[in-house]
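I have placed the structure first, in the form of structure tokens, so that the comments after it can refer back to it.
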Amino acid sequence: MLATDIGIQGSDLLTLNDLSAQAILDLLDLSAQLQHVHDAPLRGRTIGLLFRKPSTRTRVSFEVAALELGAHSIYMTEEQTQLSRGETVADTAKVLSRYLQALVVRTGAHAELEAFAEAATVPVVNALTDRFHPCQVLADLKTVREAKGTLADLEVAWVGDGNNMLQEWIVAAAQLGIRLRAACPAGYDPDPVVLSLPNVVAHPPTIVRSPAEAVRGADVVITDTWLSMGQKDSDQKRQAFEGFTVDEALMAKADSEAIFLHCLPAHRGEEVTDGVLDGTQSVVLDEAENRLHVQKALLLAILGE
């Protein structure tokens, strides 16, 4: 497959809802082709990584992806830019567009990412917001397809918070026709804005309160930390999530060949036990590695000629 065949050259990626189902599958195909390719097709390009939030996997995988494609990357924190002194998002985006061929942004409010994309004249990629995390879910989809051989006719179970990861999975499931059941405590459901997207309304997830009900017979079990970056810990939230730990007993309710995903970092002993995270059904290290491969595909599809 050629990167140009995907048809997203010059496009932003703020959520997988921006892509067609075919484009998602094509990106996964391209990522498999690029997994062991280092022929520098993006030589001479410069990609900016503007991160308001800390990162291990997202930062390193994007930097290595750029390097393996022959591009140069520049990592910037808020404190290293004039954003820390009150420069507007629009002014920052317009100036950076004069230097860069793409801008990867990791921030809090999704509206701020949208403001970057509106003002920038180069493609903007979402490296995480409080609403969506498309690059991670692309890696999740690649991992599931590698382990299961297909994304068709799968049952995926989510256990935990109705956060940006679940919301991106809801979008991806709607696009690809995946059956998704999510167990969330009362008061921690996904954002109604996400649930009201036309694609999601046409193919909605099943929201339940019981982790056992969500996991029963599932092919894939996914969780994430109960406290997203920037959220304050509280006894009230911990009480709400009592019984939502993915442990060996809960995994036993899934299909016998089910796999376990977690985007990491994990709070061991909270949302997942060591036995599950390090167990034979866990594919979390493959999932983390696949961040590199899908981001290579994404950058090439957006910037390739």
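Mind giving me the FRET efficiency for Ala202 and Ile74? R0 is 41 Å, r the Cβ-Cβ distance, nearest 0.05 is fine.
Details: r = 40 Å, r/R0 = 0.98.
It comes to 0.55.
Check Val125: other-chain or 5+ apart residues with amide H under 5 Å from its amide H, H built from backbone geometry?
Amide H neighbours of Val125, under 5 Å, 5+ apart: Leu13, Leu103, Val104, Val105.
Once each part is reduced to its C-alpha centroid, what is the distance from the stretch 140-214 to the stretch 40-93 in angstrom?
Comparing the Cα centres of the stretch 140-214 and the stretch 40-93, I get a distance of 30 Å.
Are there trypsin sites (Lys or Arg not before Pro) in the stretch 43-96 that DSSP marks as loop and that have at most 15 other Cβ atoms within 10 Å, and which are they?
Listed in order of number, the matching sites are Arg43.
Quick one: compute the contact order of the chain, relative version, from alpha carbon pairs under 8 angstrom and 6+ residues apart, as a percent.
It comes to 22 percent, rounded to a whole number.
Sequence-distant or interchain residues sharing an amide H contact under 5 Å with Ser73, placed H: which?
Ile47
What are the ³J(HN,Hα) couplings of the stretch 24-30, residue after residue, when phi is run through the Karplus curve with 6.51, -1.76, 1.60 and θ = phi - 60°? Round to Hz, x for glycine and proline.
For the stretch 24-30, the Karplus-derived couplings read 4, 5, 5, 4, 5, 4, 5 Hz, x marking Gly and Pro.
Nearest 5 is fine: what % of DSSP beta bridges in the chain come out antiparallel, could you say?
Values: 0 of 34 bridges.
Once the DSSP bridges in the chain are tallied, antiparallel ones form about 0 percent.
With runs of 4+ DSSP H residues as the only contributors, calculate the mean residue ellipticity of the chain at 222 nm using -39,500 (n - 2.57) per run, divided by the residue total and rounded to the nearest 500.
Calculated from helices alone, the mean residue ellipticity at 222 nm is -11500 deg cm²/dmol.
According to a simple spin-label model (label point 7 Å from Cα along Cα-to-Cβ), what is the distance in nm between Ala90 and Glu112?
1.8
Expressed as a whole number of Å, what is the distance separating the alpha-carbon centroids of the stretch 250-305 and the stretch 5-33?
With the stretch 5-33 and the stretch 250-305 each reduced to a Cα centre, they are spaced 20 Å.
Rounded to the nearest 5, what % of DSSP beta bridges with both residues in the stretch 153-303 are antiparallel?
Taking every DSSP beta bridge with both residues in the stretch 153-303, the antiparallel ones total about 0 percent.
Starting from the 7 Å offset along Cα-to-Cβ, what nm value, one decimal, do you get for the label separation of Gln33 and Asp247?
About 4.7 nm, to one decimal.
Could you give the length gained by full extension between Arg209 and Asp189, i.e. 0.36 nm per residue of separation minus their alpha carbon distance, to one decimal place?
Value of the extension gain: 6.2 nm.
Rounded to the nearest 0.05, what FRET efficiency do His267 and Gln9 have when you use their Cβ-Cβ distance and R0 = 35 Å?
In this case the efficiency is close to 0.35.
Which net charge results when you count Lys and Arg as +1 and Asp and Glu as -1 among the other residues whose beta-carbon is under 11 Å from that of Pro190?
Result for the local shell: -3.
What residues have an amide H closer than 5 Å to that of Phe51, excluding those fewer than 5 places away on the same chain, when H is modeled at 1.01 Å from N in the peptide plane?
Residues meeting the criterion, in which the H sits 1.01 Å from N, are Met76, Thr77, Glu78, Arg106.
What are the aspartates and glutamates whose alpha-carbon lies under 15 Å from the alpha-carbon of Lys237, with same-chain residues fewer than 8 places away excluded?
Here the aspartates and glutamates satisfying the reach criterion relative to Lys237 are Asp161, Asp189, Asp224, Glu270, Glu271.
Give the calculated FRET efficiency between Glu289 and Lys148 to the nearest 0.05, with a Förster radius of 25 Å applied to their Cβ-Cβ distance.
With a Förster radius of 25 Å, E is 0.90.
In the neighborhood of Leu30, defined by Cβ-to-Cβ distances under 10 Å, what is the net charge if each Lys or Arg adds +1 and each Asp or Glu adds -1?
-2
Quick note: the coordinates plus some simple rules give every number you see, no bench work behind them. Because the structure is a prediction, the values reported are computed rather than measured. FYI the Cβ positions are ideal-geometry reconstructions off the backbone, even for glycines, and counts take in every protein chain you see.
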